[in-house]
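Chemist: So that we are looking at the same thing, I have put the structure below in structure tokens.
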Amino acid sequence: MDRLIISGNKKLKGSISIHGSKNAALPILVASLLSNQNLTLENIPNVADINNMLKLLEGCGVKIIKNKNSLIINSKNLKNISADYDIVRKMRASVLILGPLLSRFGYCKISLPGGCAIGTRPIDIHLKGLKKLGAKFEIENGFVIGQVSKNLIGNKIKLPSPSVGATENILMAAVMAKGETLIDHAAREPEIVDLGNFLISMGAKIEGLGSNKIYIQGVNNLKATKYKIISDRIVAGTFIILAVMINSKIQVKNFNPNHLKSLIKILKKMGANMDVLNSSIKIYPSKKLKSAKIETAPYPGFPTDLQAQIMSLMSIVNGNSEIKETVFENRFMHVPELNRLGAEINLNKDIAFIKGNKKFKGAQVMASDLRASVSLVLAALCAEGKTTINRVYHLDRGYAEIEKYLGKLGAKIMRQKI
Ligand code: EPZ
């Protein structure tokens, strides 16, 4: 398990270009199972979750020809395999193969994902929605086995809450179902819009992407396409928060700032000094950064995936802040580790109380989940002295070669393979 050794308090400056979105690329790779044509995908991020997904798909007989950040994928010889516990446990996004396999074969068997560091992560909303399209499910020895007697049939589906994964699974199952489907109370994340636009580029008939009502008219097949995946707004948001913490001139490029409106609004309210351009943001030093009170929420609210990162920033601004986490039930695993680095954060149920005006000091810390890990990197880069972050495989799931990326800005980060 690798670890990172970070020497803090270096003056960082320059610009950083954002790679493709992991959470858009994952459902799009799975959606490719719906077609037996050659599909060309561009701007694929080189992160562990993507590489694991590619291995899972190749294990099902999918042909993949990779060339740097692009690939050609063909599912003509797709065999129906069951995604076993080890794969699904490590990468929850594998539950997304339910929809396409039911659509393609009328049968699928995947291990129940189980929980992870941030919560129990059930898939009841996925199964309820797919049942409304005609699928039947049995749970047996930790596996969920789905079957469709003839075809998936379009239907009206109202989600109990705007689940990102459930919206994606149902959307993929509906595009070749017979008749019309409405997904009401759908999630609105840009990654879902990107998945929908990819499907439309293959001939799917979808309206309402980005709203909470998505209408799908089933089609009989999907054609070949070439599609460029959006940049990763969470990686962009992470580095924007870092730039504000480091308090120096940094440009974060090659992403859509419209996907980060809620973060930009909060940072400006906290006194951050920035120019928002078409496909980049320039951050400048600011005199006085102040506290904030935020609540995470489904898009377009403040993203839960940036909660740990902004908590690092809140520890060093003037005044005390509060964060209410409303999306996951256990997403404060970074708190004890940030406190080891000198933060003073207390929890009361789903609210974190963050004392400001703290100075981070280097220490040994443990990564626990993907975004918790990167909040420790942000704190370590502002800390006095050296920080060692253990179990950085969590980080590698969503941030491509972070030591090289941030090294370009002048950060001193060394990876130790142990
Ligand atoms: C996606 O997870 C993202 N993952 C997560 O990013 C992100 O945090 C999350 O959406 C929220 O934005 C990918 O896109 C691969 P949900 P997902 O279904 O689809 C509950 C990262 O750091 N729920 O919107 O699993 C669930 O337990 C990851 O990149 C049910 O109860 O999120 C959670 O409390 C972490 N039943 C809430 O809904 C269900 O059937 C939101 O989950 C499904 C979800």
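Chemist: Roughly how many Å² is the accessible area per residue of the stretch 227-321, as a whole number, for a 1.4 Å probe?
Modeler: 38
Chemist: Would you please classify the overall shape of the stretch 317-379 from the alpha carbon gyration tensor, given that a ≥ b ≥ c denote the square roots of the eigenvalues, rounded means a/c under 1.5, and beyond that prolate means a/b larger than b/c while oblate covers the rest? Walk me through the numbers on the way to the answer.
Modeler: Working: a/c = 2.03, a/b = 1.10, b/c = 1.84.
Because a/c hits 1.5 or more and a/b fails to exceed b/c, the stretch 317-379 counts as oblate.
Chemist: Which residue fluctuates the most in the chain, going by a Gaussian network model with Cα springs under 10 Å, if the choices are GLY196, GLY20, GLY208?
Modeler: Result: GLY208 has the largest fluctuation of those listed.
Chemist: Which log10 I(q)/I(0) values, to two decimals, does the stretch 343-411 give at q = 0.12, 0.22, 0.23 Å⁻¹ under the Debye formula with one point per Cα?
Modeler: -0.36, -1.06, -1.12
Chemist: Also: Using the Cα atoms of the stretch 249-399 to build a convex hull, what is its mean projected area in square nanometres?
Modeler: Details: hull surface 33.8 nm².
That works out to 8.5 nm².
Chemist: Then there's this: Determine the principal axes of the Cα atoms in the stretch 170-312, then give the extent along each, sorted from largest to smallest and rounded to whole angstroms.
Modeler: The principal-axis extents, from largest down, are 59, 30, 20 Å.
Chemist: On the protein heavy atoms, probe 1.4 angstrom, tell me the percent of accessible surface of the chain carried by carbon and sulfur.
Modeler: 50
Chemist: Taking every DSSP beta bridge that has both residues in the chain, what percent is antiparallel when rounded to the nearest 5?
Modeler: Among the beta bridges of the chain, antiparallel pairing accounts for roughly 70 percent.
Chemist: So for the stretch 22-228: antiparallel DSSP bridges make up what percent, rounded to the nearest 5?
Modeler: Roughly 75 percent of the DSSP beta bridges within the stretch 22-228 come out antiparallel.
Chemist: Kindly report the accessible area of the stretch 83-162 per residue (heavy atoms of protein chains, probe 1.4 Å, no ligands, DNA or RNA), in Å².
Modeler: 48
Chemist: Among rounded, prolate and oblate, which fits the stretch 1-142 when a ≥ b ≥ c are the square roots of the eigenvalues of its C-alpha gyration tensor, a/c under 1.5 means rounded, and a/b larger than b/c means prolate?
Modeler: Cα axes put the stretch 1-142 in the oblate bin.
Chemist: Using just the C-alpha positions of the stretch 92-181 as equal point scatterers, what log10 of I(q)/I(0) does the Debye formula give at each q in 0.23 1/Å?
Modeler: Log10 of I(q)/I(0), two decimals: -1.15.
Chemist: Hey, how many Å between the Cα centroid of the stretch 316-361 and the Cα centroid of the stretch 60-88?
Modeler: Distance between centres, Cα-based: 40 Å.
Chemist: Could I ask something else about it? Compute the helix-to-body angle for 370-382: its Cα long axis versus the longest principal axis of the chain, expressed 0 to 90° and rounded to tens.
Modeler: On a 0 to 90 degree scale, this one is about 20.
Chemist: Would you mind checking the pairs LYS156/LYS205; LYS11/LYS359; LYS55/LYS79; LYS253/LYS358; LYS13/LYS228; LYS132/LYS158 and listing those with alpha carbons more than 18 angstrom apart?
Modeler: Table pairs above 18 Å Cα-Cα are LYS253/LYS358; LYS13/LYS228.
Chemist: Continuing with the same structure: Counting Lys +1, Arg +1, Asp -1, Glu -1, what net charge surrounds ALA383 among other residues with beta carbon under 9 Å of its beta carbon?
Modeler: Local charge sum for ALA383: +2.
Chemist: Of all alpha-carbon pairs in the stretch 22-228, indicate the percentage at a distance above 32 angstrom.
Modeler: When all Cα pairs of the stretch 22-228 are counted, 7 percent exceed 32 Å.
Chemist: Still on this structure: Beyond 41 Å, what share of the Cα-Cα pairs of the chain is found? Please give it as a whole percent.
Modeler: On the way: 13484 of 87153 pairs.
Above the 41 Å cut-off, the chain has 15 percent of its Cα pairs.
Chemist: Quick one: accessible surface of LYS361, probe radius 1.4 Å, all protein chains present, in square angstrom to the nearest 10.
Modeler: Its accessible surface works out to 110 Å², give or take rounding.
Chemist: Contour minus end-to-end for LYS359 and ASN67, with contour as 0.36 nm per residue of separation and end-to-end as the Cα-Cα distance?
Modeler: 100.7 nm
Chemist: Another one. How large is the accessible surface of LYS359 in square angstrom, using a 1.4 angstrom probe and rounding to the nearest 10?
Modeler: Solvent-accessible area, nearest 10 Å²: 150 Å².
Chemist: Also, quick follow-up: Please report the Cα spread of the stretch 17-65 along all three principal axes, rounded to whole Å, starting with the longest.
Modeler: Result for the stretch 17-65: principal-axis Cα extents of 33, 18, 18 Å.
Chemist: Another question about this same structure. Stokes-Einstein diffusion coefficient for the stretch 253-292 at 4 °C in a medium of 1.567 mPa s, Rh from the Kirkwood formula over Cα pairs: what value in µm²/s?
Modeler: Numbers: Rh = 10.6 Å.
It diffuses with D of about 122 µm²/s by this estimate.
Chemist: GLU58 accessible area, nearest 10 Å², 1.4 Å probe?
Modeler: Surface accessible to solvent at GLU58 totals approximately 90 Å².
Chemist: While we're here: Largest first and in whole Å, give the semi-axes of the stretch 155-235's equivalent ellipsoid, each being the square root of 5 times a Cα gyration tensor eigenvalue.
Modeler: Ellipsoid half-lengths, sorted descending, are 19, 18, 8 Å.
Chemist: In addition: Average projected area of the Cα convex hull of the stretch 266-322, in nm²? Numbers along the way, then the final one.
Modeler: Numbers: hull surface 17.3 nm².
Dividing the Cα hull surface by four gives the mean projection, 4.3 nm².
The values are calculated or read from the model by the stated rules, or taken from the named source; none is laboratory data. These numbers come from a predicted model, not from an experiment. Using ideal geometry, Cβ is built from the backbone for each residue, glycine included, and neighbour counts are taken over all protein chains shown. Just so you know, the surface numbers come from the protein's heavy atoms only, side chains and all, with ligands and any DNA or RNA stripped out. Shrake-Rupley method; radii C 1.70, N 1.55, O 1.52, S 1.80 Å.
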